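These notes are about the structure you will find just below.
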Ligand SMILES: Cc1ncc(COP(=O)(O)O)c(C=O)c1O
């Protein structure tokens with residue numbers, strides 16, 4: 001394994017003293033154990049210090065002299081205060097909150113300095129006059145050790161190395177059931193010995209319990225909460241899909257109002273059914289040219305918060321799949337002013353705290369809950385997510401009950417270890433890796449545009465008109481490309497990239513492709529993609545006609561609570577008859593299921609929603625014109641596509657919602 005480099009920067013404007021400190025500390029590092037490759041270097045000004053933390057991703061900590069002076073270039077060489085330690089600490093923390101900061105102080109000023117820095121994230125103080133370099137080194141090294149700790153992963157590894165005989169689940173018994181099989185040992189070989197050895201169960205107490213953590217899982221979660229700026233962090237092994245549902249069931253009692261973007265992930269809509277919430281759907285903005293669904297307009301949100309001030313919670317996705325990030329602080333402020341809790345689905349944004357280009361994160365903007373698919377954009381295994389909590393009214397007992405309701409009693413331990421490792425990685429090398437990812441994104445964008453055929457959509461082109469003034473930002477690691485001039489349909493292009501160039505892309509609309517860059521993107525992958533697109537561009541194909549997917553109709557009316565409607569038995573009614581004509585009998589009936597054409601993935605109907613002629617026509621057009629399109633929720637009775645709808649007697653038994661409650 002490569003040895004890391006960890007730079008610690010000393011900031012002191014007195015050159016001689018600075019030199020002595022750097023020399024003394026480096027000598028201490030050399031003569032003592034140095035597992036993290038600590039090297040000390042020095043700068044004399046706050047300006048240089050800020051420049052260094054921007055440019056050097058290996059910096060892990062800073063030691064700031066409490067009074068920084070600068071020599072004035074005057075005859076008298078008067079010394080002026082260049083920036084107070086307090087200012088500098090605030091700037092460093094704003095820029096890179098994961099860095100450790102120590103302050104060098106003079107004994108006589110101790111109280112004054114400590115008071116001023118009390119509320120800042122300062123990790124400790126050293127007396128300037130002591131010059132105890134070995135003592136300082138020991139503390140700085142220990143601090144780094146704390147961040148590098150992975151309590152769960154370490155324990156898992158220790159346990160595996162202990163090679164205990166397993167008289168417990170899982171049945172493969174560390175892979176022993178597979179290893180020598182003439183039929184399935186190839187699976188063992190392919191997946192690898194350690195996946196099986198590390199696949200353990202709650203029968204091993206030293207690995208703690210995800211359902212009631214008090215040991216190494218609790219510790220790992222605590223370290224993660226500090227790293228992500230949360231009061232509490234919980235590891236979820238069923239993805240953000242489950243994380244969202246857990247929060248809903250914690251916050252929402254049946255009938256409680258929930259404000260939500262209609263374009264939220266389907267887990268959010270499932271959470272509505274499970275919790276029994278009364279959803280108020282807010283229409284997302286839509287970029288009609290590219291069929292891209294963006295954030296809900298700010299004014300729509302403000303109006304909804306005002307109108308539904310009795311709502312219990314608001315959930316939004318930020319950033320969206322396409323990288324559009326809300327201006328969260330004023331929205332969260334408005335919601336909090338009415339006592340509405342804010343949940344932000346950060347499934348695509350789990351890295352954001354570790355580079356200023358992506359901040360503020362949801363929690364930094366004031367959100368009460370943030371859910372992150374650590375597996376989507378960091379190094380965790382699929383399904384490994386985190387739930388971060390900053391809700392001042394957090395009810396841990398209710399949360400725990402709901403968390404346990406959704407969590408398997410046999411969680412996959414490698415996933416928990418991968419969350420522990422992902423946190424360590426993003427804290428210690430996140431800034432460096434994200435800086436590289438941003439650089440690669442910039443290069444890739446320029447290269448794609450240089451093909452003259454493919455064109456990257458910048459923020460102004462991605463933004464739907466109705467949110468142009470909403471201070472939306474773009475996460476530039478999500479690259480959306482207009483493919484309309486390349487001579488392929490989007491499906492053909494995806495196929496061409498896959499078959500001819502070995503490239504698999506993230507997602508598409510009828511005329512765009514979206515490429516996802518992560519901390520795992522390499523320059524050679526970028527080159528291969530560029531090469532592929534350039535070759536295709538040079539083939540000069542005549543543009544193809546591209547068929548746009550229709551825009552879903554506006555939300556109609558919610559007549560009953562989604563949960564009430566979903567749990568009705570209902571009846572199956574065909575959408576089209578034998579002659580392929582739309583069935584007029586569905587008009588004004590109520591749907592029992594969620595019907596979602598994919599793409600675009602927005603539910604056209606949710607349980608409890610009234611069906612209109614417009615909706616029936618839209619679904620019929622989808623089924624007729626786009627053979628490849630999936631319409632989730634449609635049931636086939638033979639070859640006839642049907643909807644499950646409420647029977648008239650069922651409707652009579654349900655409590656009708658007041659229609660004015662539906663925000664449109
Ligand atoms: C916005 C959003 N939220 C939640 C999820 C679900 O995340 P997971 O795959 O971790 O269950 C997704 C998945 O694509 C998503 O796009």
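The values are calculated or read from the model by the stated rules, or taken from the named source; none is laboratory data. This one's a predicted model, so the numbers in the text were calculated from it and none came from an experiment. Cβ: placed from backbone, ideal geometry, glycine included. Neighbour counts: every protein chain shown.
Applying the condition of being near the ligand (Cβ under 10 Å from one of its atoms) and out of contact with any strand residue (DSSP E or B) (no Cβ under 6 Å at 6 or more places or on another chain) to the stretch 370-379 and asking which residue is farthest from residue 322 (Cα to Cα) yields 375. So, in the stretch 552-597, how many residues would count as being in contact (Cβ under 8 Å) with a residue 40 or more places away in the chain and within 30 Å of residue 256 (Cα to Cα)? Adding up the residues that qualify gives 30.
The residues of the stretch 351-369 that are free of Cβ contacts under 8 Å to residues at least 40 places away in the same chain and either surrounded by fewer than 20 Cβ atoms within 10 Å (Cβ to Cβ) or within 13 Å of the ligand (Cβ to nearest atom) (or both), listed by number, are 359, 360, 366. Residue check: is residue 335 within 15 Å of the ligand (Cβ to nearest atom) and either touching a helix residue (DSSP H, G or I) at 6+ places or on another chain (Cβ under 9 Å) or part of a loop (DSSP other than H, G, I, E, B) (or both)? For residue 335, the condition - within 15 Å of the ligand (Cβ to nearest atom) and either touching a helix residue (DSSP H, G or I) at 6+ places or on another chain (Cβ under 9 Å) or part of a loop (DSSP other than H, G, I, E, B) (or both) - is not met. The set of residues from the stretch 607-643 being closer than 20 Å to residue 281 by Cβ and part of a strand (DSSP E or B) comprises 609, 610, 631, 632, 643.
Residue 397 falls short on exactly one of the conditions (1) touching a residue at least 24 places away in the same chain (Cβ under 8 Å); (2) more than 14 Å from the ligand (Cβ to nearest atom), and that condition is (1).
The sole residue among 27, 49 that is part of a helix (DSSP H, G or I) and closer than 22 Å to residue 122 by Cβ is 49. Confirm whether residue 287 is surrounded by fewer than 20 Cβ atoms within 10 Å (Cβ to Cβ), away from the ligand (no atom under 16 Å from the Cβ) and at pLDDT below 95. So residue 287 does not fit the description; no. Residue count for the stretch 430-458 under the criterion of being in contact with a strand residue (DSSP E or B) (Cβ under 8 Å, 6 or more places away or on another chain) and either without any contact (Cβ under 8 Å) to a residue 24 or more places away in the chain or farther than 20 Å from residue 321 by Cβ (or both): the result is 2.
Being more than 18 Å from residue 558 (Cα to Cα) and modelled with pLDDT under 85: is that true of residue 638 here? The answer is no for residue 638.
The combined condition, being in contact with a strand residue (DSSP E or B) (Cβ under 8 Å, 6 or more places away or on another chain) and closer than 18 Å to residue 605 by Cβ, is not fulfilled by residue 246. Within the stretch 175-203, the set of residues being within 31 Å of the chain's Cα centre (by Cα) and within 23 Å of residue 406 (Cβ to Cβ) comprises 199, 200, 201, 202. Condition (residue is within 28 Å of the chain's Cα centre (by Cα) and at pLDDT 65 or above) applied to the stretch 69-90: is it met by at least one residue? So far as the stretch 69-90 goes, yes, one or more of its residues are within 28 Å of the chain's Cα centre (by Cα) and at pLDDT 65 or above.
Here 315, 343, 280 are screened, and the one residue that is within 18 Å of residue 562 (Cα to Cα), within 16 Å of the ligand (Cβ to nearest atom) and either part of a strand (DSSP E or B) or not assigned by TED's automatic domain parsing to the domain that holds residue 483 (or both) is 315. Looking at the structure I just gave you, is residue 388 within 16 Å of the ligand (Cβ to nearest atom), in contact (Cβ under 8 Å) with a residue 40 or more places away in the chain, at negative phi and out of contact with any strand residue (DSSP E or B) (no Cβ under 7 Å at 6 or more places or on another chain)? Here the answer is no, as residue 388 does not meet what is asked. Within the stretch 603-643, the residues that satisfy the criterion of being under 19 Å from residue 565 (Cα atoms) and within 32 Å of the chain's Cα centre (by Cα) are 603, 604, 605, 606, 607, 608, 609, 632, 633, 634.
Is it the case that some residue within the stretch 134-155 is under 30 Å from residue 25 (Cβ atoms), in contact with a helix residue (DSSP H, G or I) (Cβ under 7 Å, 6 or more places away or on another chain), outside any helix (DSSP H, G or I) and without any contact (Cβ under 8 Å) to a residue 60 or more places away in the chain? Checking the stretch 134-155: not a single residue is under 30 Å from residue 25 (Cβ atoms), in contact with a helix residue (DSSP H, G or I) (Cβ under 7 Å, 6 or more places away or on another chain), outside any helix (DSSP H, G or I) and without any contact (Cβ under 8 Å) to a residue 60 or more places away in the chain. Based on this model, can you work out whether residue 321 counts as within 15 Å of the ligand (Cβ to nearest atom), modelled with pLDDT under 95 and within 27 Å of residue 381 (Cβ to Cβ)? Criteria met by residue 321.
Does the stretch 321-333 include one or more residues that are within 30 Å of residue 655 (Cβ to Cβ) and either in the same structural domain as residue 592 (by TED's automatic domain parsing) or surrounded by 24 or more Cβ atoms within 10 Å (Cβ to Cβ) (or both)? Checked the stretch 321-333: no residue is within 30 Å of residue 655 (Cβ to Cβ) and either in the same structural domain as residue 592 (by TED's automatic domain parsing) or surrounded by 24 or more Cβ atoms within 10 Å (Cβ to Cβ) (or both). Across the stretch 30-46, which residue is farthest from residue 92 (Cα to Cα) among those that are in a helix (DSSP H, G or I) and modelled with pLDDT of 95 or more? Going through the qualifying residues, I end up with 31. Return yes or no: is residue 39 touching a strand residue (DSSP E or B) at 6+ places or on another chain (Cβ under 8 Å) and surrounded by 15 or more Cβ atoms within 10 Å (Cβ to Cβ)? Taking the combined requirement at face value, the residue satisfies it.
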